[in-house]
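Please read the structure below before turning to the comments.
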Amino acid sequence: MPITITMLEAFGLYLVRTSVLVLGTPILGSGTGFAGYKIALIMAVTTVLFISGGMDAAEPLGVGGFGYGLLCFREVLIGLFLAFVLQVVVLAVRVGGELIGTEMAFNMASLVDPGTGVRTPLITQFYEALFFLGLLSVNGHHWVLGALANSFERAPIGNLHIGDGAPALMRDLFGHMFAAGFVFAAPVLVLLMLVSVLIGLMARVVPQVNVLEMGFTLRVGIGLVGMFVFSPLIAPAMDVLFKNLMGGLDGCLDAIGG
């Protein structure tokens, strides 16, 4: 089959949407890593999606340079919207890790996160690693690729229409994800709050005790023990996050498809 201008224009729009989604994901979108791998991944995914569904259905767009630029801008918005869903889910895990680290007074211990390129507390990195391992174990990356493929069916290239349900979906996602992040950290948080109450009582009853030094040791030690004891509760919390991710991706497709 000969390659036509129409095919190249359609492939370019596929490439824009796929590139924005891949570069907007929490791990692949970081500044770390070899750029050649990212480019190869983007080209491979775009080529497979285009050959499987876009090449035969490609039609002349009938737009000039400015019109094609607007179509590219629409593809950027759709890719950003899909990536936003992934970022919000990961943000819920980060919120939970930050809450626990703050209560443990352990946020001073931080390393450069390879996923973001910025310094992140160790507790947050620990929970993020668990989340990504769990996501891979249930083939969560297949959900993302499936959502990308379905987006070309629900919001096909070649028009400037985007559904008006995006603001409501973003509001709901933020509410659900912050609640999920709090539930994720709730068992350890409650334990650490009880430790704070205990330290306060000891400061009143035995003022001779160095509460500051003892409190820091107790918070870190009991916090780590609590993370181990309540680790079986991580799986149900992860399940809620995964369901929210699937629902968010599906809702995103409904929103952009109108």
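Any residue that is under 18 Å from the mean Cα position of the chain (by Cα), modelled with pLDDT under 85 and over 20 Å from Pro187 (Cβ atoms) - is there at least one of those in the stretch 121-128? No, because not a single residue in the stretch 121-128 is under 18 Å from the mean Cα position of the chain (by Cα), modelled with pLDDT under 85 and over 20 Å from Pro187 (Cβ atoms). For the stretch 129-150, give me each residue that is within 14 Å of Phe184 (Cβ to Cβ) and not hydrophobic (A, V, I, L, M, F, W, C). The one that is within 14 Å of Phe184 (Cβ to Cβ) and not hydrophobic (A, V, I, L, M, F, W, C): Gly134. Only one of (1) surrounded by 16 or more Cβ atoms within 10 Å (Cβ to Cβ); (2) in a helix (DSSP H, G or I); (3) modelled with pLDDT under 80 is not met by Ala58, so which one is it? That leaves (2) as the condition not met.
Rundown of residues vs (1) among the polar types (S, T, N, Q); (2) touching a Lys or Arg at 6+ places or on another chain (Cβ under 9 Å); (3) surrounded by 15 or more Cβ atoms within 10 Å (Cβ to Cβ), yes/no style:
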residue	(1), (2), (3)
Val197	no, no, no
Gly200	no, no, no
Asn210	yes, no, no
Leu218	no, no, yes
Leu224	no, no, no
Phe228	no, no, no
Leu245	no, no, yes
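Looking at this structure, is Gly215 modelled with pLDDT of 80 or more and either under 14 Å from Ala105 (Cα atoms) or hydrophobic (A, V, I, L, M, F, W, C) (or both)? When the stated conditions are applied, Gly215 does not pass them. Restricting to the stretch 4-51, and then to whatever is touching a helix residue (DSSP H, G or I) at 6+ places or on another chain (Cβ under 9 Å) and outside any helix (DSSP H, G or I), can you tell me which residue is modelled with the highest pLDDT? For the stretch 4-51, the residue satisfying everything is Thr25.
The values are calculated or read from the model by the stated rules, or taken from the named source; none is laboratory data. Every value quoted in this text rests on a predicted model; they were computed, and no experiment measured them. Please note: Cβ atoms are built from the backbone with ideal geometry, for glycine as well, and neighbour counts cover all protein chains shown.
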